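A short worksheet on the structure shown next.
The values are calculated or read from the model by the stated rules, or taken from the named source; none is laboratory data. Note that this is a predicted model, so its numbers are computed, not measured. Using ideal geometry, Cβ is built from the backbone for each residue, glycine included, and neighbour counts are taken over all protein chains shown.
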Amino acid sequence: MSEANFWNNSDKAQATVAELKGVNSVLKPLEEALAAGRDLEALEELAREDESLESELTVETDRLEKLLDALELTSLLSGPHDSCDALVSINARDGGTDANDWAEMLLRMYSAWASKHDLTIELLDRQDDDVAGIQSATVAIRGPWAYGYLKGETGIHRLVRISPFNSEGKRQTSFAAVDVSPEIADDDTEVELKDEDIREDVFRASGAGGQHVNKTSSAIRLTHFPTGIVVQCQNERSQHKNRATAIKMLRARIARLHEEQREAEQLARYKERPKTGFGSQIRNYFLHPDQRVKDQRTGHYVGSFQSVLDGNLDGFFDAFLRWKAAGSAPAADDDN
């Protein structure tokens, strides 16, 4: 990075910077834990001679335990794509306008989480609903271990609340589907794309964007015949940029499919079936009759709906990684 021509190739340079951030995200906490261990050892020797230091010894012991817990969690990010950036797609499902509104709430939730962790967010595609919320959206969340932390969010998210769109004030259940894929580099040899396997459709962009969206056919939809995967991008005014982004999205979805297939094969050896695939209900969010959020797989529970919507998701991510490492035993389902 100190070389004079480092920034001559911007894409390569940014990839190197991202790699450095990923390495430092492991090395710096490790160095901090090692230093804390040395300090604790020295403090323990002093405390044997001075009992007044026992309270300080307890505080330092607790701090080291937290550092070790964080390192243990990082060690669970061992998947082939865990260090990659993440492409997060959100689609409204059953529930009408409430589902569209719920999908947009989830979009804000993941954006808030990314902001809290200094990760970058790029909107790749968004289709607004005519009444409220969104029909679908895809964002790229980039930073150290973004995919590793977010991959467990794939599945159906269920919201129960008093509908703000129902004049009778009835309780409404809404569903939104979340799909998380790793953003794969163009030179990644695992995902090979052949032109004859892809159909490209060009259409006019829709939604907010001024007069341009109704006059040019810049939006791109790609259909991958071997897998049946369909992706689209309409966020840029340039058809070329939308095509490049759609290719990235397609690579990501295929890489995710390969990863799911590997996981399914591994689980099959133990005569288990995958419980975290796309389409499974993974988490319930309640605003009525009380406020709570519970993950159906891990049993992790938060009593503040708003805290979760504000992006405080680390507890869910940590619980998922530990649950998966422990063998993915399902939590008891006691929610209605």
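Side notes on the structure shown:
Table: residues versus (1) closer than 28 Å to A15 by Cα; (2) outside the structural domain of M249 (by TED's automatic domain parsing); (3) at pLDDT 90 or above.
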| residue | (1), (2), (3) |
| --- | --- |
| G95 | no, no, no |
| M105 | no, no, yes |
| Y110 | yes, no, yes |
| H117 | yes, no, yes |
| V139 | yes, no, yes |
| V160 | no, no, yes |
| I198 | yes, no, no |
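- Of the residues making up the range 131-146, none is within 30 Å of R262 (Cα to Cα), among the charged types (D, E, K, R) and more than 15 Å from the chain's Cα centre (by Cα).
- So F278, is it among the hydrophobic types (A, V, I, L, M, F, W, C) and modelled with pLDDT under 85: yes
- Subset of the range 227-237 (residues that are within 24 Å of the chain's Cα centre (by Cα) and either in a strand (DSSP E or B) or at negative phi (or both)): T227, I229, V230, V231, Q232, C233, Q234, N235, E236
- Any hit, the range 38-57, residues being of a type in the set (S, T, N, Q), modelled with pLDDT of 85 or more and either more than 30 Å from the chain's Cα centre (by Cα) or not assigned by TED's automatic domain parsing to the domain that holds A137 (or both): yes
- Members of the range 277-319 found to be among the hydrophobic types (A, V, I, L, M, F, W, C) and free of Cβ contacts under 8 Å to residues at least 60 places away in the same chain, listed by number: V293, V302, F305, A319
- For the range 65-85, the condition of being among the aliphatic types (A, V, I, L, M) and over 18 Å from A319 (Cα atoms) holds for none of the residues.
- Residue in the range 73-94 that is without any contact (Cβ under 8 Å) to a residue 12 or more places away in the chain and farther than 30 Å from S163 by Cα present: yes
- Residue count, the range 200-217 (criterion: at pLDDT below 65, exposed (fewer than 13 other Cβ atoms within 10 Å of the Cβ) and among the hydrophobic types (A, V, I, L, M, F, W, C)): 1
- Filter result for A47 (among the hydrophobic types (A, V, I, L, M, F, W, C) and assigned to a loop (DSSP other than H, G, I, E, B)): no
- Considering residues of the range 151-183 that are free of Cβ contacts under 8 Å to residues at least 24 places away in the same chain and not polar (S, T, N, Q) only, the residue farthest from A252 (Cα to Cα): E168
- Test: residue in the range 103-116 that is in contact with a helix residue (DSSP H, G or I) (Cβ under 9 Å, 6 or more places away or on another chain), among the basic types (K, R), more than 30 Å from D130 (Cβ to Cβ) and touching a residue at least 12 places away in the same chain (Cβ under 8 Å): yes
- Residues that are of a type in the set (F, W, Y), at positive phi and at pLDDT 85 or above do not occur anywhere in the range 148-155.
- The condition of being more than 23 Å from the chain's Cα centre (by Cα), within 26 Å of V191 (Cβ to Cβ) and at pLDDT 90 or above holds for only one of H224, H240, that being H224.
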